Amino acid sequence: MLLDTPLPQLDHLFDYLIPEAIASDVEPGRLVSVPLRGGKRMCNAYVVEVDSESSFTGQLQAIDKVISGLPILASQSIELARAVADRQAGSAIDVLRLIVPPRYVRAEKAFIAGLQHGDGSSEPRPSTTPGSRPAAYSDWAIDAGHRYVVSAKPSVVEVGQGRWVPSWAVLFASLAAEQLSEGKSSILLTPDFRDIDSLVVALESVGLNDFIVRSDTQQTGQDRFRNYLRSLQDEPIIVVGNRSAALAPVPLLGLIALWDDGDPLYAEPLAPYAHARDVALVRQRDSEAVLVLASHAMSTDAARLVAVGYADHVVPGELNRPNICATDLLRDQDSAPARIPSRGWLGAKAALAQGPILVQVASPGFAPALACAACRERARCRECAGPLAFAHRSSDPACRWCGRIAAAWMCASCGSTHIKAIASGAERTADEIGRAFPGTRIIVADGEHVHTSVPNESVVVIATPGAEPVAAGGYAAILLLDGERLRSRENLRVNEDLVRNWSNTAALARLGAPVFIAGSGEYLGRVMENWAQAEFALEELRDRQALRLPPAVRLATVSGPPSEVRAALESVAGVDSLQVRGPVTGTDGMSRAIVTCDYRASEQIAQTLRAEVIQASTRSRRVSTRENSAARVLRLKIRFDDPAIDSL
């Protein structure tokens, strides 16, 4: 049994007796209830193996009851969970919580009834033949068990019935069709639901509707659990989803494909914090499936795989670079930069008669940054010192951190009550462009206003990064604004994120359409104009190798009481290539240290630090929660590949 408990010292298998009354229902993969502490409390557990005898010499406790009506955990999932947990110095049960969605009894009973009557997911699916791969990749010879970093062709493609999708979605659909023709399953990952929608459209356009199993947070809980049960069956399928879908149990896995692996949405915020790309690498190694990391802008993590020879770089035969103009390269150095450069403004105005144009801005809302009108001091919240902003034209200023309304705001420096906007968001930009183009339809696309497609008409789309809809036929012109503001962020990956964002947006333009980038700076401007993302990623990687920064090395944070952190650091002190920064003690009395090491030493360090976590947990005290129940506090915490370090 593998117990469903967060305690790290219980992260191993336990033996339990099987009562004769439920012996026929106990099988690997079933969810059961077992006693803990001599029966004082009950705990859910997964059956991993059933045997006729136990190596445990003491007295065994008996399983209390069987909860699930069928096995809901595949043996491959248990092996994968252990491999991922060991890599991240975490618990296997934490990985299993990401694999198995919340159970819905009604959906489970309906699924079992369908299997019994032969009208459920076990019904044979129609056969499929390989679809035609896009011409740009026709010469790409794919070998089983290999890894590929693919530079995607920047374009949009019509897939029938007036539906348009990015070209990478068509490539993924053709690769999945090839695997299905061989009786193998595929896992296709995208960062968010907009990309999932495009991928589903591409798959449906080649007749793969019956094979699609969607797995993302846009589904209801019942639908997600039902689709999970289907993925456990012995039939080839195509799983389409976001980061958690990398763990989906599928039979005969032949392909794992990630779109835009550099997107921060792939970073798992829950323990053990495994990035979807790392999960895919672990899974590909153990399953000998094909791994594809495709993007318009290669991430530095993918560049490392290419640099060490672990993955092959695939470039499309015909590229058709976007027509990019970095306005900073044309501007006189003595002239003040304009938010919308005159060249971009005139180009967009001329293109509006030919079709839709896209204007990308840095932030949603009306005014994302405010200042005192008298002394120009940045307006901040009195409670948390967060920046104030106007969500809408007529709204009161509110804190972007805590959400508190600051209706009676007063400047802490000069006492003035007058406030002014110092930056424009999507809604304010829409107002300004609406006045410049009277009678033109303006569409705002951001987190609150979701648009996945726009028609081939004279409309202006104002979008935030990542929320850009796909235009039928592609955009007639694209303006990328606020580059200087985006470059000012204090983040290790700021340039990498900007190149990735601008490349993805520029790929939505029609062939030959102008793409204007304002505020790119000279270096990033030349990278974009030359469409040299791969060279940029490799150069970034070389810089980080010189400084021993991720992803050139593996990084982990060790946090907890000072004595526990020191003990953990001493346990790994003799490991080759290890470097320690800290520890530093914060105002709360807790310490944190940053350790880096070469990848070849990370397995040993993860194992050693995990042992320290278990030892610290056995010494931890219990505290009372609001429900008056005792909760154990983990004294020592380990997080590998901590993304928060990028912003230090």
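Of the conditions (1) open to solvent by 30 Å² or more (accessible area, probe 1.4 Å); (2) touching a Cys at 6+ places or on another chain (Cβ under 7 Å); (3) small (Gly, Ala, Ser), SER416 fails just one. Which one is it?
Of the numbered conditions (1) open to solvent by 30 Å² or more (accessible area, probe 1.4 Å); (2) touching a Cys at 6+ places or on another chain (Cβ under 7 Å); (3) small (Gly, Ala, Ser), the odd one out for SER416 is (1).
Within the bounds of region 191-207, is there any residue that is in contact (Cβ under 8 Å) with a residue 12 or more places away in the chain, of a type in the set (A, V, I, L, M, F, W, C) and touching a Gly at 6+ places or on another chain (Cβ under 8 Å)?
yes
Sort through ARG610, ARG592, ARG600 and tell me the only one that's among the basic types (Lys, Arg), more than 15 Å from GLY560 (Cα to Cα), under 29 Å from the mean Cα position of the chain (by Cα) and modelled with pLDDT of 80 or more.
Residue meeting the stated conditions: ARG600.
Just checking, does region 386-398 include any residue being under 22 Å from ALA426 (Cα atoms), over 36 Å from the mean Cα position of the chain (by Cα), modelled with pLDDT of 90 or more and of a type outside the set (Lys, Arg)?
no
Identify, please: which residue in region 49-66 is surrounded by 15 or more Cβ atoms within 10 Å (Cβ to Cβ) and of a type in the set (A, V, I, L, M) and is, among those, nearest to LEU96 (Cα to Cα)?
By that ranking, first place goes to VAL66.
Within region 146-190, can you find the residues that are part of a strand (DSSP E or B), without any contact (Cβ under 8 Å) to a residue 60 or more places away in the chain and crowded, with 24+ Cβ neighbours inside 10 Å?
The answer is none; no residue qualifies.
Output the residues belonging to region 399-432 that are over 33 Å from the mean Cα position of the chain (by Cα) and touching a residue at least 12 places away in the same chain (Cβ under 8 Å).
ALA406, TRP409, CYS411, ALA412, SER413, CYS414, SER416, HIS418, ILE419, LYS420, listed by residue number.
Return yes when ALA136 is among the aliphatic types (A, V, I, L, M), modelled with pLDDT under 95 and buried (at least 16 other Cβ atoms within 10 Å of the Cβ) and no when it is not.
yes
Mind listing whichever residues of region 337-378 are closer than 23 Å to ASN504 by Cβ, open to solvent by 10 Å² or more (accessible area, probe 1.4 Å), at pLDDT 90 or above and of a type in the set (A, V, I, L, M)?
If the condition is that a residue be closer than 23 Å to ASN504 by Cβ, open to solvent by 10 Å² or more (accessible area, probe 1.4 Å), at pLDDT 90 or above and of a type in the set (A, V, I, L, M), then LEU352, ALA362 are the ones that fit.
Is there a residue in region 73-80 that is in a loop (DSSP other than H, G, I, E, B), at pLDDT below 95 and of a type in the set (Ser, Thr, Tyr)?
Looking through region 73-80, none of the residues is in a loop (DSSP other than H, G, I, E, B), at pLDDT below 95 and of a type in the set (Ser, Thr, Tyr).
For region 200-221, which residues satisfy the criterion of being open to solvent by 40 Å² or more (accessible area, probe 1.4 Å), of a type outside the set (S, T, N, Q) and within 27 Å of ARG103 (Cβ to Cβ)?
ASP210, ARG214, listed by residue number.
For region 444-490: of the residues being in contact with a His (Cβ under 9 Å, 6 or more places away or on another chain) and small (Gly, Ala, Ser), which is farthest from PRO322 (Cα to Cα)?
Within region 444-490, the match that is farthest from PRO322 (Cα to Cα) is ALA445.
So, in region 455-464, of the ones that are in contact with a Lys or Arg (Cβ under 9 Å, 6 or more places away or on another chain) and in a loop (DSSP other than H, G, I, E, B), which residue ends up farthest from GLY434 (Cα to Cα)?
In this case the residue turns out to be GLU457.
For the condition modelled with pLDDT of 90 or more and assigned to a loop (DSSP other than H, G, I, E, B), what is the one hit in ALA408, ALA467, ALA412?
ALA467
Would you be able to say whether some residue in region 272-291 is at pLDDT below 95, of a type in the set (D, E, K, R) and under 26 Å from ALA532 (Cβ atoms)?
Within region 272-291 (the criterion being at pLDDT below 95, of a type in the set (D, E, K, R) and under 26 Å from ALA532 (Cβ atoms)), the answer is no, since none of the residues qualifies.
ASP197 - would you say it is charged (D, E, K, R) and open to solvent by 30 Å² or more (accessible area, probe 1.4 Å)?
It is true that ASP197 is charged (D, E, K, R) and open to solvent by 30 Å² or more (accessible area, probe 1.4 Å).
Checking the condition touching a Gly at 6+ places or on another chain (Cβ under 6 Å) and either closer than 20 Å to GLU20 by Cα or among the aliphatic types (A, V, I, L, M) (or both), which residue from LEU60, LEU73, LEU36, LEU80 passes?
Exactly one residue qualifies, and that residue is LEU73.
Looking at THR440, THR452, THR429, THR417, which is the one that is of a type in the set (Val, Ile, Thr) and under 14 Å from ARG393 (Cβ atoms)?
THR429
Looking at region 11-33, is at least one residue of a type in the set (Ser, Thr, Tyr) and surrounded by 15 or more Cβ atoms within 10 Å (Cβ to Cβ)?
The answer is yes, given that some residue of region 11-33 is of a type in the set (Ser, Thr, Tyr) and surrounded by 15 or more Cβ atoms within 10 Å (Cβ to Cβ).
Could you list, in sequence order, all residues of region 73-99 that are in contact with a strand residue (DSSP E or B) (Cβ under 8 Å, 6 or more places away or on another chain) and more than 19 Å from ILE605 (Cα to Cα)?
Answer for region 73-99, where residues must be in contact with a strand residue (DSSP E or B) (Cβ under 8 Å, 6 or more places away or on another chain) and more than 19 Å from ILE605 (Cα to Cα): LEU73, ILE78, ILE93, LEU96.
Those residues that are closer than 13 Å to SER520 by Cβ and either basic (Lys, Arg) or over 24 Å from the mean Cα position of the chain (by Cα) (or both), I need them from region 483-508; list them, please.
GLU484, ARG485, ARG487 - these are the residues of region 483-508 that are closer than 13 Å to SER520 by Cβ and either basic (Lys, Arg) or over 24 Å from the mean Cα position of the chain (by Cα) (or both).
Considering only residues that are within 21 Å of ALA374 (Cβ to Cβ) and β-branched (Val, Ile, Thr), which ones fall in region 401-443?
Hits for region 401-443 are THR417, ILE419, ILE422.
Pick out the one residue from ARG428, ARG404, ARG435 that is in contact with a Phe, Trp or Tyr (Cβ under 7 Å, 6 or more places away or on another chain) and open to solvent by 60 Å² or more (accessible area, probe 1.4 Å).
Within the list ARG428, ARG404, ARG435, the selection yields ARG428.
Please indicate, with yes or no, whether at least one residue in region 253-269 is more than 21 Å from PRO166 (Cα to Cα), among the aromatic types (Phe, Trp, Tyr) and in contact (Cβ under 8 Å) with a residue 12 or more places away in the chain.
no
Search region 476-490 for residues that are free of Cβ contacts under 8 Å to residues at least 40 places away in the same chain and pair each with any residue that is open to solvent by 80 Å² or more (accessible area, probe 1.4 Å) and not hydrophobic (A, V, I, L, M, F, W, C) when their beta-carbon atoms are under 8 Å apart and the residues are at least 6 apart or on different chains.
No pair meets every condition.
Applying the selection to region 433-468, what residues are touching a strand residue (DSSP E or B) at 6+ places or on another chain (Cβ under 7 Å) and without any contact (Cβ under 8 Å) to a residue 60 or more places away in the chain?
Matches in region 433-468: GLY434, ARG441, ILE442, ILE443, VAL444, ALA445, HIS451.
Of all residues being under 13 Å from PRO514 (Cβ atoms), of a type in the set (A, V, I, L, M) and modelled with pLDDT under 95 in region 306-336, which is least open to solvent (accessible area, probe 1.4 Å)? Just the residue, please.
Per the stated criteria, the residue is ALA326.
The values are calculated or read from the model by the stated rules, or taken from the named source; none is laboratory data. Worth saying up front: this structure is predicted, and the values here are computed from it rather than measured. Heads up, the Cβs are rebuilt from the backbone with ideal geometry, glycines too, and the neighbour counts pull from every protein chain shown. Heavy atoms of the whole protein, side chains included, go into the accessibility calculation; ligands, DNA and RNA do not. Shrake-Rupley method; radii C 1.70, N 1.55, O 1.52, S 1.80 Å.
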